[in-house]
């Protein structure tokens, strides 16, 4: 993604009647004469950088300016020249290690202030961060003399309250945003007319991998959730996958073109938020000229300063808040490594803690980290350990989910062993064997842990559906995974003795790891198993399982299914059998076989409801069934739920 500029000649000032702001403005060189050596000067943040004034401040002609301390929350553009910083006339302090400042921090040219963003307003109001002067980009004043902070509110008002010298750079291309954004023209010592366009950014390109990652993220976001967006290909793709959701809310640091599209789609209503209900809350706008034009005087978007947008208490007031964060690496315990270097905004551990804590407070909230399974160099992003990587977020207890293009690993409430199994399943298929081997060496997995390497590429991720059954019960169905071992084990121990006997034809009393792991590790070519889950998406409880095992000698498969005693009679077994019939037909099978105890009336009724031709033979109290397919039941069927 590249920033774009517009030629100064395209700037067309808006002049409301009653305030001739151009008569009040002075040349930039006159305005900066107010600055003196040793001052701490706050510079507007990110896309709100006052580019005209800063070019004069950093220019060689400003020889009277020495030993200035420049303070900027985020450096996204070219207002503060790293070349000028190398002359030691200026020193930059920033709260973000990402983007343009990252390389300069490493080179010792820029000072980083580690801080949670919600704490920055307090640091300014307490005087811990001293502000002597402020240079802020604003819109032209309206008829009453009020300007808007435009695309960045953050701490601009707090800074103006404390600065001795206040310089406003008026840019007619800046949108008038609504919220806590108005400032009167009389508050400034000097006004300067901008000769530079704001910083615009083109939309991020999205490749197939990020599109698949975003699709999995969208799958765990429920209707009525409140979201926080940032910038990058993950969020660009995510917006497209959320347009069919209902009543989403936005409490987001950054408002981008992707967010604009999501609001325009009707998916965002902000109806279920507890603060600023009906409005999308943000501090920064970041994107194209089209976005800025849409934001101009738009009542749907509320701009507030950082202590409102980043406060965990404020975030947590919103039910179902979902913090969606990009990760660089993750280890098998859920330890996250954040991105470093140019191109990052939510880059450091301190930068994301507010979102993490807000999600923890929120009723039904969750925090997930998303990343491709491999980086651009083809190296694994899911690793046994990440000790060698900087910028670690060592709060694995707060990580609810990790998402890659291969699926979702739910980590909340799981043991380290269970986490490792879930994360290995969403690693790149070619990396899974090494992860299994390393996890065994680290005693994270059992020494006898099964891994079917040939199945890593065969998992049928597309076999997902969601059904509302009798009594309003919603059940999600998908193919079984090795990490379902504990879920299936718990299901077994919830069965009545009768249910166990019906399923296994023997009074099985225990189901240890050695047995259950063989059951959940299937090859997906000869065996297909579908599980039914209830509860939160990505973290549900298994309440049913159905499978068929192909006969190697003929085009038939043996079928069996089981449903939790508490969920019988809802149509779950009937739905799963019909699903297996369709899937078996797609694989060229002509029918099922099954052995059913004569007293198992429930299972017999399920087969009868299938509408298929059934041949039954009774011997020693057991029905041997042959269930014949026909085209009507094995043809294409919408299974999306």
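The values are calculated or read from the model by the stated rules, or taken from the named source; none is laboratory data. All values derive from a computational prediction rather than experimental measurement. Backbone-built Cβ (ideal geometry, glycine too); neighbour counts: all protein chains shown.
Scanning the stretch 198-216 for residues that are touching a helix residue (DSSP H, G or I) at 6+ places or on another chain (Cβ under 8 Å) and surrounded by fewer than 22 Cβ atoms within 10 Å (Cβ to Cβ) turns up 199, 200, 201, 203, 204, 205, 206, 207, 211, 215.
Tell me, which residue of the stretch 504-533 that is within 25 Å of residue 604 (Cβ to Cβ) and in contact with a strand residue (DSSP E or B) (Cβ under 9 Å, 6 or more places away or on another chain) is modelled with the lowest pLDDT?
Checking each candidate, the answer is 505.
The single condition among (1) out of contact with any helix residue (DSSP H, G or I) (no Cβ under 7 Å at 6 or more places or on another chain); (2) surrounded by fewer than 20 Cβ atoms within 10 Å (Cβ to Cβ); (3) at pLDDT 90 or above that residue 195 does not meet is (1).
Residues in the stretch 57-72 that are surrounded by 15 or more Cβ atoms within 10 Å (Cβ to Cβ) and either closer than 12 Å to residue 41 by Cα or modelled with pLDDT under 75 (or both): 57, 62, 65, 68, 69, 70, 71, 72.
Scanning the stretch 252-263 for residues that are in contact with a helix residue (DSSP H, G or I) (Cβ under 8 Å, 6 or more places away or on another chain) and assigned to a helix (DSSP H, G or I) gives 257, 258, 259, 260, 261, 262.
For the stretch 470-480, the set of residues classified as touching a helix residue (DSSP H, G or I) at 6+ places or on another chain (Cβ under 9 Å) and surrounded by 20 or more Cβ atoms within 10 Å (Cβ to Cβ) consists of 475, 477, 480, listed by residue number. Does residue 290 fit the bill of being in a strand (DSSP E or B), at pLDDT 95 or above and more than 18 Å from residue 324 (Cβ to Cβ)? For residue 290, the condition - in a strand (DSSP E or B), at pLDDT 95 or above and more than 18 Å from residue 324 (Cβ to Cβ) - is not met.
Taken as a whole, the structure leaves residue 623 outside the set of residues that are under 37 Å from the mean Cα position of the chain (by Cα) and in the same structural domain as residue 485 (by TED's automatic domain parsing).
Within the stretch 228-251, the set of residues being in contact with a helix residue (DSSP H, G or I) (Cβ under 8 Å, 6 or more places away or on another chain), buried (at least 24 other Cβ atoms within 10 Å of the Cβ) and not in a helix (DSSP H, G or I) comprises 228, 229, 248, 250, 251. Apart from one condition, residue 489 fits all of (1) out of contact with any strand residue (DSSP E or B) (no Cβ under 9 Å at 6 or more places or on another chain); (2) without any contact (Cβ under 8 Å) to a residue 60 or more places away in the chain; (3) not assigned by TED's automatic domain parsing to the domain that holds residue 537; the exception is (3). Here the condition is being in contact (Cβ under 8 Å) with a residue 40 or more places away in the chain, touching a strand residue (DSSP E or B) at 6+ places or on another chain (Cβ under 7 Å) and either in the same structural domain as residue 217 (by TED's automatic domain parsing) or within 19 Å of residue 606 (Cβ to Cβ) (or both); of 546, 557, 584, 539, it holds for 584 alone.
When residues of the stretch 140-163 are filtered for being within 25 Å of residue 117 (Cβ to Cβ) and in contact (Cβ under 8 Å) with a residue 60 or more places away in the chain, how many remain?
Residues flagged as within 25 Å of residue 117 (Cβ to Cβ) and in contact (Cβ under 8 Å) with a residue 60 or more places away in the chain within the stretch 140-163 amount to 12.
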